[in-house]
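Structure record follows, encoded as structure tokens.
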Amino acid sequence: MSGDIEIILASRSPRRKELLAAAGVPFLAYHVSAEEVEYPGQPARTAAANSEMKAAAAGRIYPERVILAADTVVFLDVLLGKPAGLPEARRMLSLLSGRAHTVHTAVTVAIPSRDLNETRVAVSRVEMKKFGPETIEEYLRLANPMDKAGAYGIQEHGELLIRGIRGSLTNIIGLPLEVAAELFRLFRETGDLPARLKTAAENCRLDWLAPPRG
């Protein structure tokens, strides 16, 4: 196989599609429909279990292909997934206001026919500004919170909410390209895709985002 193989992205996330496209990674998106699991107080375990579930579901359809799956959760005392509606989105954002939380994204790469499956979890820290109901309503007017863990997207008017970050920016967006590159290096089929992902991670910037503190 060459570096231009088309991988299977087991995800509905438009952010993950955008990150892969920007990295020049050919992919076919397969939308996995399955009930996700939650392990209270265990964000890494929760994200890993759901990522592996997505990879397994895609692998049943594409057993010979390289599968890439991911799952993201926000953790602040409790797990914050995608809000069920605007009231829950408001509650999540109110909870995050003025506090720091962690974003955990599990990445799974698999080739089912060869019984190859590897998962790693990236963790980033996000410091939020102190904001009130007016800012929350402005954010909800400008951005769609419904398909985002924690009800926000850092790349989508995140300047209204976020003071700074520590760790991988692409992790907070939804797919830590650095981790995906590490996993792809374990699979000879992926050719030069690890280098493309690494370069894209290094080039990912948000002009308004302050450098990490401390």
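Yes/no matrix, rows are residues, columns are (1) under 14 Å from Thr105 (Cα atoms); (2) out of contact with any Cys (no Cβ under 9 Å at 6 or more places or on another chain):
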residue: Tyr139; (1), (2): no, yes
residue: Met146; (1), (2): no, yes
residue: Gly158; (1), (2): no, yes
residue: Ile162; (1), (2): no, yes
residue: Arg166; (1), (2): no, yes
residue: Asn171; (1), (2): yes, yes
residue: Leu177; (1), (2): yes, no
residue: Leu206; (1), (2): no, yes
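The residues in the range 20-46 that are in contact (Cβ under 8 Å) with a residue 60 or more places away in the chain and in contact with a strand residue (DSSP E or B) (Cβ under 8 Å, 6 or more places away or on another chain) can be counted, and the count is 4. Among the residues of the range 82-91, not a single one is buried (at least 24 other Cβ atoms within 10 Å of the Cβ) and in contact with a Leu (Cβ under 8 Å, 6 or more places away or on another chain).
Residue count for the range 140-193 satisfying the condition of being surrounded by 23 or more Cβ atoms within 10 Å (Cβ to Cβ), of a type in the set (Gly, Ala, Ser) and not in a loop (DSSP other than H, G, I, E, B): 4. Please verify whether Ala122 is surrounded by 18 or more Cβ atoms within 10 Å (Cβ to Cβ), of a type in the set (A, V, I, L, M, F, W, C) and modelled with pLDDT under 95, treating the condition exactly as stated. Considered against the rule, which asks whether it is surrounded by 18 or more Cβ atoms within 10 Å (Cβ to Cβ), of a type in the set (A, V, I, L, M, F, W, C) and modelled with pLDDT under 95, Ala122 comes out as no.
Cβ-Cβ distances below 8 Å connect the following pairs, each with a first residue in the range 123-138 that is closer than 10 Å to His101 by Cα and in contact (Cβ under 8 Å) with a residue 12 or more places away in the chain, a second residue that is in a loop (DSSP other than H, G, I, E, B) and of a type in the set (Ser, Thr, Tyr), and a separation of six or more residues or different chains: Ser124/Ser168; Met128/Ser97. For the range 53-70, the set of residues classified as in contact with a strand residue (DSSP E or B) (Cβ under 7 Å, 6 or more places away or on another chain) and either over 14 Å from Glu118 (Cα atoms) or surrounded by fewer than 18 Cβ atoms within 10 Å (Cβ to Cβ) (or both) consists of Ala57, Ala58, Tyr62, Arg65, listed by residue number.
From the residues in the range 92-118 that are assigned to a helix (DSSP H, G or I) and of a type in the set (S, T, N, Q), which one is surrounded by the most Cβ atoms within 10 Å (Cβ to Cβ)? The residue in question is Ser94. Evaluating Glu6 against the criteria (1) of a type in the set (D, E, K, R); (2) surrounded by 19 or more Cβ atoms within 10 Å (Cβ to Cβ); (3) touching a Leu at 6+ places or on another chain (Cβ under 8 Å) leaves one unmet condition, (2).
The values are calculated or read from the model by the stated rules, or taken from the named source; none is laboratory data. Quick caveat, the model's predicted, so the values are computed rather than measured. All Cβ positions, glycine included, derive from the backbone under ideal geometry; neighbour counts span all protein chains shown.
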